[in-house]
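Quick notes on the structure that follows.
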Amino acid sequence: MSQGPARRVTIVGGGIGGLVAALGFARRGARVTILEQAEALREIGAGLQITPNGAAVLDRLGLSQRLDLISVHAQAVLPVDGLSGARLARFDLGGGPQPYRFLRRSDLIELLASACAEAGVELRVGARVTGITETGAVTLERGAAPPVADLVVAADGLHSRLRPVLNPGAAPFFTGQVAWRAVIALPDQPAEARIWMLPGRHVVTYPLPRGQLNIVAVREQRDWAPEGWTNESSPEALQAVFADAAPELREILEKIEETRLWGLFRHEVAARWHGSATALIGDAAHPTLPFLAQGANLAIEDGWVLAACCAETDDLPAGLARYQALRRPRVVRAVAEAQANARRYHFGGVMRIAAHGGLRLLSRVAPERFVRRLDWLYKHDATRSV
């Protein structure tokens, strides 16, 4: 990697995007500090999909072999009629330049944190940021002294401290959908993602290492649930929502012993991603619905591109402007595609019959078209875009 100016970079947030950005800057000679509000880097043990575009960045960072040790290589995606259990199609995910992987979010966090430590990144846990100015002044809870920084990167999610400074007046809005997620023990499952589609609802299941199955179930509703994965719910509440589902899906849901509820909220993609010495990445800039498996992958791309753009020049504002110019159009398109999937998965009535018939026909006559229509997304290599 090219060596840029030896800048001092502060990353606010120790999630996936923040860790990738920290590693990208450190590998280019920057002195990097991560400020993480939690007392330790930890994630609830839910699943995550790393698609080939995210994998391309992790490969360039030299992490592919370690990633293989903690993941399942996906072979296919199967749309399923969630009422009858009938497989509508099977679309191959193999054969690309990078594999499509299933893994635990917590395992990826641990891998990235280890790589950051090896690169000399300083991690400060229990460091709650209460404010960030456009020019990069950071305030911490209880008056703690922040690190001196030439650049502050806000990787602090939907409720970012920096986003409203750069984009005043933009509040997150409820999408009319809530989701449950859970992990169950279910060994010997094929390396496939199944999308169980029902009117107004859907469930996505895929295997994880060590004989587990990841479950994300979504339904449309007017009443909203608080944003975030920490809201308690009950397996019985989830099972009741899918009481009319196919027997195979009901059997899976009946194995759930613990689940959490997630209200799906969104901001519009930020109009402004940077100040003179600050930048937004990941959900702080562009929270997306989880219907394209791109939240983490887009954050991974952001982290690489931001570090690369800033490393190329002594003119930091110019590097930040280039970062936004490279990233925003792609992210806008990806967010729109995720929203479209939310509608496709929940069709009812005549639209449901037509959509399912179309999937069956496509699977028979041109199965490659289902995956090829997303070549712009999955085959993109952010490491070659800068």
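Observations on the model:
- Matching residues in region 307-345 - criterion: being in contact with a strand residue (DSSP E or B) (Cβ under 6 Å, 6 or more places away or on another chain) and either within 30 Å of ALA217 (Cβ to Cβ) or among the small types (Gly, Ala, Ser) (or both): TYR345
- Matching entry among ALA179, ALA217, ALA245 (being assigned to a strand (DSSP E or B), modelled with pLDDT of 90 or more and out of contact with any His (no Cβ under 8 Å at 6 or more places or on another chain)): ALA179
- Being among the hydrophobic types (A, V, I, L, M, F, W, C), surrounded by 22 or more Cβ atoms within 10 Å (Cβ to Cβ) and not in a helix (DSSP H, G or I) holds for only one residue in LEU292, LEU320, and it is LEU292.
- Segments classed as strands (runs of 3 or more DSSP E), wholly inside region 12-73, with at least 3 members that are open to solvent by less than 30 Å² (accessible area, probe 1.4 Å): 31-36, 47-50
- Condition check for ARG142: open to solvent by 70 Å² or more (accessible area, probe 1.4 Å) and assigned to a loop (DSSP other than H, G, I, E, B): no
- Considering the conditions (1) under 30 Å from GLU248 (Cα atoms); (2) surrounded by fewer than 22 Cβ atoms within 10 Å (Cβ to Cβ); (3) without any contact (Cβ under 8 Å) to a residue 40 or more places away in the chain; (4) aliphatic (A, V, I, L, M), ILE184 is excluded by exactly one of them, (3).
- Meets criteria (modelled with pLDDT under 95, outside any strand (DSSP E or B), within 30 Å of LEU88 (Cα to Cα) and open to solvent by less than 10 Å² (accessible area, probe 1.4 Å)) for ALA338: yes
The values are calculated or read from the model by the stated rules, or taken from the named source; none is laboratory data. Just so you know, these numbers come straight off a predicted model, no measurement behind them. Every residue, glycine among them, receives a Cβ derived from its backbone with ideal geometry; neighbour counts consider all protein chains shown. Quick note on the areas: whole protein, heavy atoms, side chains included, nothing else; ligands and nucleic acids left out. Shrake-Rupley method; radii C 1.70, N 1.55, O 1.52, S 1.80 Å.
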